[in-house]
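One structure below.
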Amino acid sequence: MSKKTGGTADITIHKKAEDNTLEELLPASGGPWGGKSVDDAFMKFLRDLAGDKTMDMLKEKSMEDYVEICRTFETKKRTILPDKNSPVTMTIPQTYFEFSKECHKVKDFKEIVEKCSACEGKVKSLKGKLKWENELFALFYKKTINNIIKHIDDLFQEKQAQDVNTILMVGGFSECALVQKAVKEHFTQKKVIIPEEAGLAVLKGAVYFGHVPQAISRRSARHTYGIQTWPPFEKGIHPESKKIVMNGKDRCKDVFFKYVQKGESIYPGFKKSQIFNTLGVAKDVLECAVFISEDPNPLFIDERGCRKLGILKIPLNKGNKTSRGEMEETMIFGETELRVRAEDLFTGNVQEVTFDLLQE
């Protein structure tokens, strides 16, 4: 099991195959629980302390100092030790203090600190610096870490994760000692591995995969993949709102025809085909709309969690516009891309479109 952290926490489960390749058992999942969410908690504290007006003024009149605060915290947050009892001191640009005093109409910034409920009496103002008790500073990480732990716990409830015994932590936020301690203490029955320079591990892995794409032999589909279809309308099964008439026959519009289900094991070159008819559409071009869904079993393309990947346009035989020609539509999965191919079985004409799955 690997955990990659940074702006987000992306967690996936892999199994080492007999040929020493990796099989992805569960697709990457997670949320905005990386280092960025800790940054947000810290900046919220500064805003709660000084006020919205102060922070807006800082960004408007001294953006370089605002950026400097972000950079300083980015460095500081990786050095916090879980068992350290000494206070955490951080240099803050003087403009932050000056704008705060101006907005609050006070002469001493300490007055602002004393009145701030978020400080809980555990923050002190020094010349050009703020000093937190370690316990309070660690709260900037708490929500993020709790979300990471909960999500991993949830994944361990999945059938595919029952035999997982190793957690591999990579990515910049994995270098944070607070995160490392929380994972080790919560998952005492698991072996936790944190490589040296964990922050570079993701980059190195990407380069390696670029040279050896066969290193991952199987993946777990991150979405359900399918196309839009218009099957015969079935009363009692299809909603009346989806009923339309095509060529004198009742059909159901917007139906999601599933090719690959979310979580299904796929491999490079994996493909599925289905033969459809053109329903006698009197057009020069037939449009095949490709959709993905977060639901393993979507019914319609306009459901929540469904969205269109794109459209494959297929020129039709002009002499047979109204005939019920057959069309074979195929989905072919690569390492990082999806190819959708359509072949007119009457003319042999083949059209193809490629979608970059890394963007999804």
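Across every direction, the projection of the convex hull enclosing the Cα atoms of the range 199-350 has a mean area of 11.1 nm². Surface composition of the chain: carbon and sulfur atoms hold 49% of the protein heavy-atom accessible area at a 1.4 Å probe.
Computed from phi, the 3J(HN,Hα) profile of the range 205-216 under the Karplus parametrisation 6.51, -1.76, 1.60 (θ = phi - 60°) reads x, 5, 5, 4, 5, x, 8, 10, x, 6, 4, 9 Hz, with x in place of Gly and Pro. The lysines whose alpha-carbon is closer than 26 Å to the alpha-carbon of LYS249, local same-chain residues fewer than 8 away aside, are LYS235, LYS258, LYS283, LYS313, LYS318, LYS321.
Among beta bridges identified by DSSP and lying wholly in the chain, the antiparallel ones come to about 90 percent. If a/c stays under 1.5 just call it rounded; otherwise compare a/b with b/c (prolate if a/b is bigger, oblate if not). Do that for the chain, with a ≥ b ≥ c from the square roots of the Cα gyration tensor eigenvalues. The shape class here is prolate.
For the range 1-138, the extents of the C-alpha atoms along the principal axes are 70, 35, 22 Å, listed from largest to smallest. Per residue, the chain exposes 55 Å² of accessible surface when a 1.4 Å probe is rolled over the protein heavy atoms with every protein chain present.
The calculated P(r) of the range 130-252, using every Cα pair and 10 Å bins from 0, goes 9, 23, 24, 13, 13, 12, 4, 0 in percent. The Cα-based radius of gyration of the range 61-134, divided by its Kirkwood radius, gives an Rg/Rh of 0.98. Dipole of the chain computed with +1 at Lys/Arg Cβ and -1 at Asp/Glu Cβ about the Cα centre; of LEU168, GLY236, THR91, farthest Cα towards the positive end is THR91. First select every other residue whose beta carbon is under 9 angstrom from the beta carbon of GLU175; then total the charges, Lys and Arg +1, Asp and Glu -1. With Lys, Arg at +1 and Asp, Glu at -1, the net is 0.
With a Cα-only, solvent-free Debye model of the range 176-244, what are the log10 I(q)/I(0) values at q = 0.14, 0.20 Å⁻¹? Debye output, listed in q order: -0.73, -1.08. Less than 5 angstrom separates the built amide H of LEU25 from those of ILE13, HIS14, LYS15, all sequence-distant by 5 or more or on a different chain. With both labels modelled 7 Å from their Cα along Cα-to-Cβ, the ASP48 to LYS124 distance reads 2.2 nm. Think of each Lys and Arg Cβ as +1 and each Asp and Glu Cβ as -1; about the Cα centre, that makes the dipole of the chain roughly 540 debye.
The values are calculated or read from the model by the stated rules, or taken from the named source; none is laboratory data. All values derive from a computational prediction rather than experimental measurement. Ideal geometry is used to build each Cβ from the backbone, glycine not excepted, and the neighbour counts take in all protein chains shown. For accessibility, only protein heavy atoms count, side chains too; no ligands or nucleic acids. Shrake-Rupley method; radii C 1.70, N 1.55, O 1.52, S 1.80 Å.
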